[in-house]
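Data first, discussion second: the structure below is written as structure tokens.
The values are calculated or read from the model by the stated rules, or taken from the named source; none is laboratory data. These figures come from a predicted structure and were not determined experimentally. Cβ atoms come from the backbone with ideal geometry, glycine included; neighbour counts cover every protein chain shown.
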Amino acid sequence: MLVLLCLTSLFSQTDSLEVKTNKLDEIVLNTNRIDLSLSKHSRTLQIINADEIQKSGATNLVVLLQQISGIDIRRRGIEGMQADLYIRGGSFDQTLLLVDGIKLDDAQTGHHTLNLLPPIALIERVEILKGPAARIFGQNAFTGAINIVTKTAGTGKNQISAQFGSFDQKHYRATLQNNSDQLGLLGYFSGNCSDGYRYNTDFNNTNYFIKGNLISDNLPFQFLGYFSERKFGANGFYATPAATEQYEETQGSLVAFSSIIKKEKAVFKPRIYWRRNQDIYIYIRDNPSVYRNLHISNKIGASLDYSLFSSLGTTGLGVDLSRVSISSNNLGEHDRIITNIFAEHRFLFLNDKLDITPGIAFNNYTDFGTRFFPGIDLGMALSSRFRAYGNIGSTYRIPTYTDLYYSDRTTLGNESLKPESALALELGFRLSGVKSFLSASYFNRNSNNLIDYVKNTEEELWQANNIQKVTTNGFELEYKHTYSLFDFTQNIQLGYTYIDDTVKGTADYALSRYSINSLKNHFTIRSYNKWSKNLSSSIVLKKAERSIGDPYTVLDISTQWISTNKRFEVILLLNNIFNEVYTETNLVPMPKGNGSIGLQYNIF
């Protein structure tokens, strides 16, 4: 009955009652070095705010991001124990993840990008920047960047919760907050474990998070500490599906100190940070002596962003200095110093209706030399509701230490690899109304020197080489509509992304390991429905067709009951209710229909 009610609501267009106006455009975004509201940006940006996160029914960020078209999360299990992030057909090494503006790229491999995702209960909003962002953030933002903004310490609820579900899953969480005139504190702990949905896919994940805000008129100060440990069976996750005994443990940590200093016509944003990752991989879980890798990587850095407001427009300047190192029994001992300097200026013309923002980034690597990355954004406000925009820019990524130095019985890295590079173009528009929002964009990316593992005979080792040239064309549509039903506000969101890749460069080799396998057609529906003051539900439909493989459709539903005094919450989740048989990567089968029930108590 619940499914029928949700499906019926998708096509209900009753607008007889007053609907709350969406205030999203008033948010000042941090996914750019010049802070702007969403309505003024000349790029493709999508925002998921705290209210949408709560309504989505997602228990973690991996599940949440899968609800956005153009974002390709390829999982190797449940609860995001191992998952890779792709944007607009790029690779997992070509996307950048940030937490509160701090870059979480890992020099070992992009497989670790999602290892340090903050718990979903602590997220204020997610800022998704699609398209090249090397001019803004430096390397690894080849196809886009995602910035996760965590909640301000001391402003939320004290909570305890427990979730129980299929595969003997148990998830416990506690959030504690304290606020005084000068200090706000937030503390969080969670433990999540499961026997796994098939042989050797059990996991145990532990998270500790602390954040503090020192409130001062002269120098506001913020600190953040986060530690996440994951232990999981990795049946078929890497190598071949026949490698059923694999096992992995990862530890990720982040420590950061930052401030925002606002003057009459300027804003300073200093940061210092330390990001550490440890990865233990065992080929045969019960016999580590057969094959075992231990990698420890560190990134220590400092950055300063500066914005100046004048009659000529807004100027953004900044510098980011960091030292990256790795210690590994397979990859060896390596380190590099990275210098990233950027400059851009936003010019306004025609009574501020036309904006032009040229910019350039200077990047220096002690092991890859110096490069410059120019770009320009243009936007035109044709009315208070309609905005057209375009941008063009160059982008790149340097090889990971795995690309350069990895070695085993079947695979060989290549110390002579060159950085990947691309020139990207985008055209789009946004149409905003009180109840509806529509955006559309066309994008083109011409990539060179893409890294693939190739060989000519079965007897040879796979070796990394810069051999691929890929032209990627595509377009995206996003539509949101708010309406009324049963005297309550409802919401529906639709997204569609189409990608076409033209690959050149592999003809010189008989065998290629990595085939481009973008989400050629990606369609999503997200519907939020409120049935009474206490009961609400959401439905998420994802339809995916890759360049290679069979298409699949997955339907997830969540139902939430909140007590009248808002102290108790009960959440019921039903995943893949059609029992779809599908894989997202490496032929690892995803679980059929499963579910969970969660209980939460808000202490206030």
Just name the residue that is farthest from LEU431 (Cα to Cα) out of those in the stretch 458-503 that are part of a strand (DSSP E or B) and acidic (Asp, Glu).
-> ASP501
Could you please give the count of residues in the stretch 504-532 that are surrounded by fewer than 18 Cβ atoms within 10 Å (Cβ to Cβ), part of a strand (DSSP E or B) and at pLDDT below 95?
-> 2
Report, by residue number, each residue of the stretch 216-240 that is in a loop (DSSP other than H, G, I, E, B), at pLDDT 95 or above and closer than 21 Å to ILE296 by Cβ.
-> ALA234
What residue, among those in the stretch 167-192 that are of a type in the set (Gly, Ala, Ser) and more than 26 Å from the chain's Cα centre (by Cα), is nearest to LEU85 (Cα to Cα)?
-> GLY184
Does ALA162 qualify as being within 21 Å of ASN602 (Cα to Cα) and within 25 Å of the chain's Cα centre (by Cα)?
-> no
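Hey, could you check the stretch 390-408 for residues that are in a strand (DSSP E or B) and surrounded by fewer than 21 Cβ atoms within 10 Å (Cβ to Cβ) and say which is farthest from the chain's Cα centre (by Cα)? Full working, then the answer.
As a first pass, look at the stretch 390-408 and keep what is in a strand (DSSP E or B): 390-397, 407.
With the extra rule that they be surrounded by fewer than 21 Cβ atoms within 10 Å (Cβ to Cβ), the set shrinks to 390, 392, 394, 407.
Details: GLY390: 23, ILE392: 22, SER394: 21, SER407: 29 Å.
Among those that are in a strand (DSSP E or B) and surrounded by fewer than 21 Cβ atoms within 10 Å (Cβ to Cβ), it is SER407.
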Only listed residue being of a type in the set (Lys, Arg), modelled with pLDDT of 70 or more, buried (at least 17 other Cβ atoms within 10 Å of the Cβ) and within 20 Å of SER228 (Cα to Cα), chosen from ARG43, ARG76, ARG88 = ARG76
Can you name the condition, by its number, that ARG198 falls short on among (1) surrounded by fewer than 19 Cβ atoms within 10 Å (Cβ to Cβ); (2) under 22 Å from the mean Cα position of the chain (by Cα)?
-> (2)
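To keep it simple, each residue is scored yes or no on (1) surrounded by fewer than 18 Cβ atoms within 10 Å (Cβ to Cβ); (2) without any contact (Cβ under 8 Å) to a residue 60 or more places away in the chain; (3) touching a Lys or Arg at 6+ places or on another chain (Cβ under 7 Å); (4) not in a strand (DSSP E or B).
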position	(1), (2), (3), (4)
GLY549	yes, yes, no, yes
LEU555	no, yes, no, no
TRP561	yes, yes, no, no
ASN565	yes, yes, no, yes
GLY598	no, no, no, no
Within the stretch 447-477, how many residues are modelled with pLDDT of 95 or more and either among the aromatic types (Phe, Trp, Tyr) or over 18 Å from SER547 (Cβ atoms) (or both)?
-> 2
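Only one of VAL570, VAL540 is within 23 Å of SER441 (Cβ to Cβ) and in contact with a Leu (Cβ under 8 Å, 6 or more places away or on another chain). Can you tell me which?
Numbers: VAL570 fails: within 23 Å of SER441 (Cβ to Cβ).
When all the criteria are applied, what remains is VAL540.
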Can you name the condition, by its number, that GLN67 falls short on among (1) surrounded by 23 or more Cβ atoms within 10 Å (Cβ to Cβ); (2) part of a strand (DSSP E or B); (3) touching a helix residue (DSSP H, G or I) at 6+ places or on another chain (Cβ under 7 Å)?
-> (2)
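Based on this model, can you work out whether ASN340 counts as surrounded by 17 or more Cβ atoms within 10 Å (Cβ to Cβ), in a strand (DSSP E or B) and touching a Lys or Arg at 6+ places or on another chain (Cβ under 6 Å)? Before the answer, list the steps.
On the way: surrounded by 17 or more Cβ atoms within 10 Å (Cβ to Cβ): yes; in a strand (DSSP E or B): yes; touching a Lys or Arg at 6+ places or on another chain (Cβ under 6 Å): no.
Against the criterion (surrounded by 17 or more Cβ atoms within 10 Å (Cβ to Cβ), in a strand (DSSP E or B) and touching a Lys or Arg at 6+ places or on another chain (Cβ under 6 Å)), ASN340 does not qualify.
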Does the stretch 76-94 contain any residue that is part of a helix (DSSP H, G or I) and of a type in the set (A, V, I, L, M)?
-> no
Being hydroxyl-bearing (Ser, Thr, Tyr) and either assigned to a strand (DSSP E or B) or within 22 Å of the chain's Cα centre (by Cα) (or both) is the filter here, so list the residues in the stretch 418-457 that pass it.
-> SER421, SER432, SER436, SER439, SER441, TYR442, SER447, TYR453
Among what's in the stretch 448-485 and is of a type in the set (Val, Ile, Thr) and surrounded by 18 or more Cβ atoms within 10 Å (Cβ to Cβ), pick the residue that is nearest to ASP93 (Cα to Cα).
-> ILE451
When residues of the stretch 332-364 are limited to those that are without any contact (Cβ under 8 Å) to a residue 60 or more places away in the chain and aromatic (Phe, Trp, Tyr), the one farthest from ARG43 (Cα to Cα) = PHE362
Is there a residue being surrounded by fewer than 21 Cβ atoms within 10 Å (Cβ to Cβ), assigned to a loop (DSSP other than H, G, I, E, B) and in contact (Cβ under 8 Å) with a residue 12 or more places away in the chain anywhere in the stretch 46-53?
-> no
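Within the stretch 416-445, restricting attention to residues that are charged (D, E, K, R) and in contact with a Pro (Cβ under 9 Å, 6 or more places away or on another chain), which residue is farthest from GLU460 (Cα to Cα)? Steps first, answer last, please.
From the stretch 416-445, those charged (D, E, K, R) are 418, 420, 426, 430, 435, 445; that's our starting set.
Next cut, in contact with a Pro (Cβ under 9 Å, 6 or more places away or on another chain) only: 418, 420, 426, 445.
Values: LYS418: 22, GLU420: 25, GLU426: 41, ARG445: 32 Å.
Only one residue fits best here, namely GLU426.
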Quick check: is even one residue across the stretch 241-250 free of Cβ contacts under 8 Å to residues at least 40 places away in the same chain and either among the basic types (Lys, Arg) or in a strand (DSSP E or B) (or both)?
-> yes
